[in-house]
Number of protein chains: 2
Amino acid sequence: MTTSTLVPVFAALGDETRWSILAALGEGDASASALAGRLPVTRQAIAKHLAVLQEAGLVESLRVGRELRYRVLGSQLSETARNLDRIGAEWDRRLSTIKQIAEGL
Amino acid sequence: MTTSTLVPVFAALGDETRWSILAALGEGDASASALAGRLPVTRQAIAKHLAVLQEAGLVESLRVGRELRYRVLGSQLSETARNLDRIGAEWDRRLSTIKQIAEGL
DNA sequence: AGTTACTGCAACCCTTTAGTTGCAGTAACT
DNA sequence: AGTTACTGCAACTAAAGGGTTGCAGTAACT
């Protein structure tokens, strides 16, 4: 996984409303209309957010009768978390190396 | 750590240029001016990005002579990664529980 | 003391994005 | 078959964000 696929994920997670949506979906799958009943924004706004989240691979959609339900993909979050941890550790490693060189060790 | 402190971190990580800056800082501490020499944006743009990154707690600044150097805080990334993993696992756990209930198990 | 080089602030532009309203389409249920 | 309810598309507004240029301030090296 490169950072080019990672950036949209973070961009998607960088919005409060989308977190509300994800949290609501954490309670169980739901459609845009159902979510609109619980959150203080219109269905269309939620639909846009869901599109962003789906594009980022954080949710998937499934048709159930006449409604389009969304499901949160927690595994994708964990995947992202692993990448983040790896990168953070790498930076720390490199910087401590640089520091040691600077100190002449 | 609540999501209210988490969201700005993700918002900060949701931009390509800021990743370039973080990557550059991963090679060693640098000032906004120094970074401007390596990246295809002006110093002022970089200064704004650094302010965002600092606000999110991803970098810290330190004065060295007349320049203000920035250092990437990899540990903060790892911290964020842990939170992300925890949340993702929680969603997966809840959803599998819901699924089991729905299946009457 | 004078010059140099780095930071800080302000104003501005353009694009993106979060949000809205309104309407058309269409697939389910009765 | 008719109604209901959910989705999809379009146009529009307002605010935020990434980027720029220009200038003032100031601390450091010679």
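The values are calculated or read from the model by the stated rules, or taken from the named source; none is laboratory data. Treat the numbers as computed from the prediction; the structure is a model and nothing was measured. Please note: Cβ atoms are built from the backbone with ideal geometry, for glycine as well, and neighbour counts cover all protein chains shown. Side chains are part of the model used for accessible areas, which takes the heavy atoms of the whole protein and leaves out ligands, DNA and RNA. Shrake-Rupley method; radii C 1.70, N 1.55, O 1.52, S 1.80 Å.
Within the range B:1-75, list the trypsin sites (Lys or Arg not before Pro) lying in a DSSP loop whose Cβ has at most 11 other Cβ atoms in a 10 Å radius.
Answer in residue order: B:R66.
What FRET efficiency do you get for B:V64 and B:E27 if R0 is 22 Å and r is their Cβ-Cβ distance, rounded to the nearest 0.05?
Values: r = 16 Å, r/R0 = 0.74.
After rounding to 0.05, the efficiency reads 0.85.
Using 0.36 nm times the number of residues separating B:T17 and B:T5, minus their current alpha carbon distance, what extension gain do you get?
Between B:T17 and B:T5, full extension yields an extra 2.2 nm.
Ignoring ligands, DNA and RNA, what percent of the 1.4 Å accessible area of the protein assembly as shown is carbon and sulfur?
The computed percentage sits at 51.
Kindly report the accessible area of the range A:3-102 per residue (heavy atoms of protein chains, probe 1.4 Å, no ligands, DNA or RNA), in Å².
On a per-residue basis, 50 Å².
Taking Cα atoms, how many degrees apart are the long axis of helix A:43-55 and the longest axis of chain A, rounded to 10 and kept between 0 and 90?
With rounding to tens, the tilt is 40 degrees.
If one takes the longest principal axis of the Cα atoms in chain A, at what angle in degrees, from 0 to 90 and to the nearest 10, does the Cα axis of helix A:3-13 lie?
Orientation of helix A:3-13: about 50 degrees from the principal axis.
Between B:E55 and A:V41, what is the label-point separation in nm under the 7 Å Cα-to-beta-carbon projection?
1.9 nm
Could you tell me the total accessible area buried at the B-A interface, probe 1.4 Å, in square angstrom to the nearest hundred?
It comes to approximately 2900 Å² buried between B and A.
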